[in-house]
Number of protein chains: 2
Amino acid sequence: MSELIERLRAGLPEEGVLTDPDILRSYANDMASFCPAGTPAALVTPRTVEQVQHTMRTANALRVPVVPQGARTGLSGAANATDGCVLLSLARMDRILEISPVDRIAVVEPGVVNAALSRAVAEHGLSYPPDPSSWEMCTIGGNIGTGSGGLCCVKYGVTAEYVLGLDVVLADGRLLSTGRRTAKGVAGYDLTRLIVGSEGSLGIVVRATLALRAEPPQQLALAAEFPSTAAACEAVCRIMEAGHTPALLELMDRTTLRAVNDLTKMGLPETTGALLLAAFDTPDPAPQLRAVGELCAAAGASEVVPAEDAAESELLLQGRRAALTALEAVKGTSMIDDVCVPRSRLADMLDGTAEIAERYGLTIGVCAHAGDGNTHPTVCFDAADEDESRRARASFDEIMELGLKLGGTITGEHGVGVLKKDWLARELGDVSLELHRAIKTAFDPNGILNPGKLF
Amino acid sequence: MSELIERLRAGLPEEGVLTDPDILRSYANDMASFCPAGTPAALVTPRTVEQVQHTMRTANALRVPVVPQGARTGLSGAANATDGCVLLSLARMDRILEISPVDRIAVVEPGVVNAALSRAVAEHGLSYPPDPSSWEMCTIGGNIGTGSGGLCCVKYGVTAEYVLGLDVVLADGRLLSTGRRTAKGVAGYDLTRLIVGSEGSLGIVVRATLALRAEPPQQLALAAEFPSTAAACEAVCRIMEAGHTPALLELMDRTTLRAVNDLTKMGLPETTGALLLAAFDTPDPAPQLRAVGELCAAAGASEVVPAEDAAESELLLQGRRAALTALEAVKGTSMIDDVCVPRSRLADMLDGTAEIAERYGLTIGVCAHAGDGNTHPTVCFDAADEDESRRARASFDEIMELGLKLGGTITGEHGVGVLKKDWLARELGDVSLELHRAIKTAFDPNGILNPGKLF
């Protein structure tokens, strides 16, 4: 038994330190394509803060890399193993410690599944808005590491906006508390927000105090068919410009609609250029839906279908929820991008993506959190076909380049991980990157926390 | 002419580098009480980013401290001069560079006055929510430095939530760009949020990209009278627990009501223990106001007065807006605190504050952003009376101590500056403070940016 394993076991129960190669292999990567994973030395599954501290003290003393993991539903390889690392799975620290309706906060451990929290707070008439597609599986700790978004963001914002305070085990095992459980607070630097989205590179989140909202009324949605993505994007701009704040505003292009039909037999329109879904969760959404329907028609929608009730609205959204699985099924493998542009440039982003698909002879379906300008161009390819895989990778780079050119960012909500780390340097520039490195060194002088990710 | 002045003038116009002692003295401090100010060496008033860069390069080369200033309406001494410093006033960089209704953003220079931005975006049907009391004077740069709040925060949040990206001149004169102009983005560490609330200790903000919202309908308010602050706080808890999201929820205690009447002759109720103001800015606020009125009555309100229209609502709010000036007038000097507690502890905070006032034989009026648990206990004293001044300072410390004991923070929205820097260390603890220092060193190795403030 190696010194690492021996020392880990001195502070963790037997079943908390796993070395079985099959198990380690099954934990070696998240759901990203094109991201290599190394061979870990151990999988540690702590149940307490002290066990996490012990793990970090041990790893720091031996200079062993530590890769924190939640549910490994990430799409950028941020949770992938590096050779010889300790995989630190926080999945078993999954207790909801407190829900306070008066203070509108929840205090949770990092392994709590997003949907479990949503259901628990709903019993108190509250909502935790961030709703990534993987919400039935992904953990709050993973959401915090990535800075996850979801469908709700156009009205309710991203994970970062709901994190009030954190307990974080630092690289050397010390415990840092950031933030607060109050609604407001400006005492000192915002270390909470520095940790959110840092992909495990600054510390291990072991507890989070989250802001909640009052549960909104059920959504009422409409679907609008457009002859082109450009016309749908025009409608998005006019809707936002007119001052509407929909609870979601989603776009699917023709490729996505066909893929969803192939998978689900839902009978979505296939001859249309793009489908736009808008929903409102206000007490009386009818006037807003009517106004949005009119703006869609004015932007060239061939058909506008408002839902009669919440159940019909849910049906309209099911197609959108199936989009990623459907696009993956097209050719066996898919690679989802996450470029976010100012919404005024959304049409340019989608036209440019179509041009890239055509030039590379690839199928690229796009669904988008259109209200946010956050597009998910998804390259469908056969991983066994080397040439197609190469083209898929190259088109992916061109899509990020296009996003930057349009004043956007390489990642709206999925993070950088391994997948985009070369591109991060390009987006940030030298001055910012130098400060990133200095901050990283301040938190983790030995560089053991998730090395090789982010930058 | 000193080397400092000579080198500053090499890159700034004559009128941009001032050394007149009277002028320097008039710029030496902000609006905080009990905060000493040193004697500055120069006041620099740049109009361009390049002039700010030149100033920082010069100061860094000569190891001269630089104190950035906006409108100096701050309440913690963060903008106070230190001996021999360069006061860097950003007030003349006051252009609104862009307002985009489609992208719902504004791009501004730091010297833009909060109210000027609010009015400019209102012309496009947009709103910039953060509304500190000093909004007619204070600048966006100052708001960003402090992390300012206001009345709107219970629904719309604080300044930090509206800052998407920043251009920042670093201590050595290099230009850092942070963030983005997209609605979402998670590329790299959140340096934007690290700068917000850092009180000029990490860099000089020279440009900000701000998120805007659609302009809400006009507010409709109600006022409720309670026999005690405890009863009013009970109503606050029940209102929030019931899932309401008022656009403001403000409390004034009896001392404050009397002070406002003395100043304005408004005829507010003086025999009541506390007045609660609630307002909604939804399309149909009447049912919400009715429900809130009922909750107030159930919590013991002796009277509930709903406004008939927006004009009457505005009248109700005028008393609240006059509160700080009124409390200052009571004894000539006032010292406003800014303790924020979980709203479930608001009643304990107010009872404790009353106990402290009695024990010290002081007049302490409290107004509070009650929905946020953010209290402004305001000590009224005669600055010429040494003993009373000493007691005022001591009571102030006890109020912060009480806030921390109740799970709160020493500052909800005013910042730390000079006034609370001893207390910041206490709130943060050693581990956090060490990381604060390391981050400060990463940004400003020579420690020239606003030294002696914050920590």
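Readers should treat all values here as calculations from the given coordinates under stated rules, not as data from a laboratory. Values in this document were obtained by computation on a predicted structure and should not be read as measured data. Note: ideal-geometry Cβ built from the backbone for every residue, glycine included; neighbour counts use all protein chains shown.
Tabulated values for the structure
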| quantity | calculated |
| --- | --- |
| Taking only Cα atoms of the stretch B:303-455, radius of gyration then Dmax in Å | 18.1, 59 |
| Kirkwood Rh, Cα atoms: Rg over Rh of the protein assembly as shown | 0.97 |
| Using a Förster distance of 56 Å, the FRET efficiency for B:Q218-A:D382 (Cβ separation, nearest 0.05) | 0.45 |
| Equivalent ellipsoid semi-axes, the stretch B:368-455, via Cα gyration tensor eigenvalues times 5, rooted, Å | 27, 18, 12 |
| Amide H within-cut-off set for A:T139, under 5 Å, with H built and near neighbours excluded | A:A71, A:N114 |
| Cα centroid of the stretch B:11-38 to Cα centroid of the stretch A:282-300, whole Å | 54 |
| Magnitude of the charge dipole, the protein assembly as shown, Cβ model with Lys/Arg +1 and Asp/Glu -1, debye to 20 | 1580 |
| Net charge dipole size for the stretch B:360-423 [Lys, Arg +1 and Asp, Glu -1 on Cβ; Debye, nearest 20] | 220 |
| Euclidean distance of C-alpha centroids, the stretch B:321-337 and the stretch B:404-449, integer Å | 27 |
| Convex hull projection area averaged over all views, the stretch A:3-89, Cα basis, nm² | 5.2 |
| Cα centre as origin, Lys/Arg/Asp/Glu Cβ charges: the stretch B:222-308 dipole, Debye | 140 |
| Exercise: per-residue mean of other protein chain Cβ atoms within 10 Å, B:171-183 | 5 |
| B:E303 long-range amide H proximity, modeled H, under 5 Å | B:E225 |
| Local electrostatic count at B:S89 - Lys and Arg +1, Asp and Glu -1, tallied over other residues with Cβ under 13 Å | -1 |
| Summed side-chain charge close to B:L257 - residues other than B:L257 whose Cβ falls under 11 Å, Lys, Arg +1, Asp, Glu -1 | -1 |
| Rg/Rg_globular for the stretch B:215-356, with Rg_globular taken as 2.2 N^0.38 Å and Rg from C-alpha atoms | 1.02 |
| Reachable aspartates and glutamates from A:K331, criterion Cα separation under 18 angstrom, eight or more residues apart if same chain | A:D253, A:D262, A:E358, A:D382, A:D385, A:E386, A:D387, A:E388 |
| J(HN,Hα) series, the stretch B:403-414, from Karplus relation 6.51 cos²θ - 1.76 cosθ + 1.60, nearest Hz, glycine and proline x | x, 5, 4, 8, x, x, 10, 6, 8, x, 7, 9 |
| Inter-copy label distances at A:P21 (7 Å, Cα→Cβ; nm, one decimal) | 8.3 |
| Inter-copy label distances at A:P283 (7 Å, Cα→Cβ; nm, one decimal) | 1.2 |
| Helical mean residue ellipticity (222 nm; -39500 (n - 2.57) per DSSP H run of 4+; nearest 500) of chain B | -11000 deg cm²/dmol |
| Fraction of alpha-carbon pairs over 25 Å apart in the stretch A:17-173 - percent | 31 |
| Greater than 24 Å apart at Cα, pairs in B:K155/B:K405; A:K184/B:K420; A:K155/A:K405; A:K184/B:K453; A:K420/A:K440; A:K420/B:K184 | B:K155/B:K405; A:K155/A:K405 |
| Spin-label pair B:A297/A:E398, simplified geometry with 7 Å Cα→Cβ offset, distance in nm | 6.9 |
| Peptide-level mean, for A:329-340, of C-beta atoms on other protein chains within 10 Å | 1 |
| 10 Å Cβ neighbours from other chains, averaged over peptide A:418-425 | 1 |
| Other copies of B:A394: label-to-label distances in nm, shortest first, labels 7 Å along the beta-carbon direction | 7.9 |
| Between the stretch A:228-263 and the stretch A:304-318, the Cα center-to-center distance that results, in Å | 15 |
